[in-house]
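Below is one structure, written out as structure tokens, with a few remarks after it.
The values are calculated or read from the model by the stated rules, or taken from the named source; none is laboratory data. Note that the structure is a prediction, hence the values are computed from the model and not measured. With ideal geometry, Cβ positions are generated from the backbone for all residues, glycine too; neighbour counts draw on all protein chains shown. These accessible areas exclude ligands, DNA and RNA; they are computed on the full protein's heavy atoms, side chains included. Shrake-Rupley method; radii C 1.70, N 1.55, O 1.52, S 1.80 Å.
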Amino acid sequence: MIGVSVSASLAYIPDWRADETLYSWVAGFHATYGNGSTTDTAQLLFGARHACKERDAPNDLDHFVKTTRGELGDVRSVLLTRTPIGLFTPFLPAPRQQVLADRIRGNDGTGWRLLCGMPASCLGDPFALHYCEACVVEDVNTWGWPRWRLPHQLVGAWICLDHGCVLRTLRSTAWQWHLPPIEPSGPGAPPLDQAQANGLRRMATLALNLIGTEPLDIGSIRQAVLVGLRDHGVTSWTHPLDASQLATWFAQSPIAAWMRSSSGPWQRLTTGTWVHDLLRNRVGDHPLKWMLLWSTLFAHEDEVASHRRFINPGSAPHWDASGQGTIWGTSSASVPPDIQRVITEAVTLKDAAKSLGMH
């Protein structure tokens, strides 16, 4: 039985069901406490009749917090820990972080998805919701009805970390408060090979670890990737980054192989042609690209240390083949530290030479 508390605004305020999303909470509230229509529930909880069209996070979270008397958290905690928006916010550049902070403090401004650049990427499906059938069975036994789990709605999360199975998708263009189907949906995805399973697990775990974290140092992540590519022999210092070489390397990875066999907007990334641009650009890009690149490049590293290094590059060293720990990667003892840093931070050898005054 779900816990409830009396409220002046609502007859009951159900507790969160473990790691469910905000959308899941509203869908459960709608199904259980008998509001007449989808728009009635939206108006009651968010002050907007069409709030169900914003499945990631309705625009007026302040109204929701006031309606629930803050018993489910404030705007910031609901947004960053109960919606997929919490995965995108760490990747926002500093000016956009300030816009986000102002938006959280106030109630006026652009929608959360637009603020994070989610529609422009075309890498997400706003009509899709994801679930695990094994989780549904457990949820029905525990609470009487299923839920949408936050770990299943995150970009780059394609498997259930609890059961190891590929997630199912409910895709609906009907703007309603849906719950996951209780009845089995038929045959699932083909079995994963071990390398694919490991890659998808690392992706899903990284996505979950990123929820609600502090802003990421994308520059440091880029540097670590550049050094990692050279450490692994994917590219070298003697030639500029080669777009074709990088694309071929990623396209041959287990994660890319699985993505080609799946169905979703992420399929266009399987060619790997985006890797070169991601590393050359000095601005950020979609979180999925950074997560794919990191999880593929460091697939053989300790998972916990690798994810910690992604989130906080200085907190966990990179271990080279000789067992030496460094932050960025291997370094030659014959190169002075200041020069080594210039080389490490450069995208190409030509850039390094220019920084060192070599023409």
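What residue, among those in segment 264-273 that are free of Cβ contacts under 8 Å to residues at least 40 places away in the same chain and in a loop (DSSP other than H, G, I, E, B), is surrounded by the fewest Cβ atoms within 10 Å (Cβ to Cβ)? My answer is Thr271.
Considering only residues that are of a type in the set (A, V, I, L, M, F, W, C) and open to solvent by 30 Å² or more (accessible area, probe 1.4 Å), look in segment 105-141 and name the one that is modelled with the lowest pLDDT.
Ala120
Here Ser315 meets each of (1) part of a helix (DSSP H, G or I); (2) modelled with pLDDT under 95 with one exception, condition (1). Being at positive phi, at pLDDT below 60, surrounded by 16 or more Cβ atoms within 10 Å (Cβ to Cβ) and not charged (D, E, K, R) is true of Gly329. Per the listing Leu167, Leu154, the residue uniquely buried (at least 20 other Cβ atoms within 10 Å of the Cβ), touching a strand residue (DSSP E or B) at 6+ places or on another chain (Cβ under 8 Å) and of a type in the set (A, V, I, L, M) is Leu167. The number of residues in segment 180-229 being assigned to a loop (DSSP other than H, G, I, E, B) and crowded, with 20+ Cβ neighbours inside 10 Å comes to 4. Taking only pairs six or more apart or across chains, which ones have beta-carbon atoms under 9 Å, a first residue in segment 64-83 that is free of Cβ contacts under 8 Å to residues at least 40 places away in the same chain, and a second residue that is polar (S, T, N, Q) and open to solvent by 20 Å² or more (accessible area, probe 1.4 Å)? Qualifying pairs under 9 Å: Gly73/Thr81; Val75/Asn107. When you look at Leu92, is it over 25 Å from Leu200 (Cβ atoms), within 14 Å of the chain's Cα centre (by Cα) and open to solvent by less than 50 Å² (accessible area, probe 1.4 Å), yes or no? Spelling it out, Leu92 is indeed over 25 Å from Leu200 (Cβ atoms), within 14 Å of the chain's Cα centre (by Cα) and open to solvent by less than 50 Å² (accessible area, probe 1.4 Å).
Looking across segment 240-262, the residues that are in contact (Cβ under 8 Å) with a residue 40 or more places away in the chain and either touching a Cys at 6+ places or on another chain (Cβ under 9 Å) or among the hydroxyl-bearing types (Ser, Thr, Tyr) (or both) come down to Ser253, Ser261, Ser262.
Could you grab me the full set of residues in segment 253-263 that are surrounded by 18 or more Cβ atoms within 10 Å (Cβ to Cβ) and part of a loop (DSSP other than H, G, I, E, B)? Spell out the reasoning first.
In the first step, residues of segment 253-263 are kept if they are surrounded by 18 or more Cβ atoms within 10 Å (Cβ to Cβ); the result is 253-256, 258-259.
Answer for segment 253-263, where residues must be surrounded by 18 or more Cβ atoms within 10 Å (Cβ to Cβ) and part of a loop (DSSP other than H, G, I, E, B): just Ser253.
Is it the case that Arg147 is at pLDDT below 95 and either surrounded by 14 or more Cβ atoms within 10 Å (Cβ to Cβ) or part of a helix (DSSP H, G or I) (or both)? So Arg147 does not fit the description; no.
What residue, among those in segment 237-252 that are surrounded by 13 or more Cβ atoms within 10 Å (Cβ to Cβ) and polar (S, T, N, Q), is farthest from Arg280 (Cα to Cα)? Looking at the filtered set, the residue picked out is Thr248.
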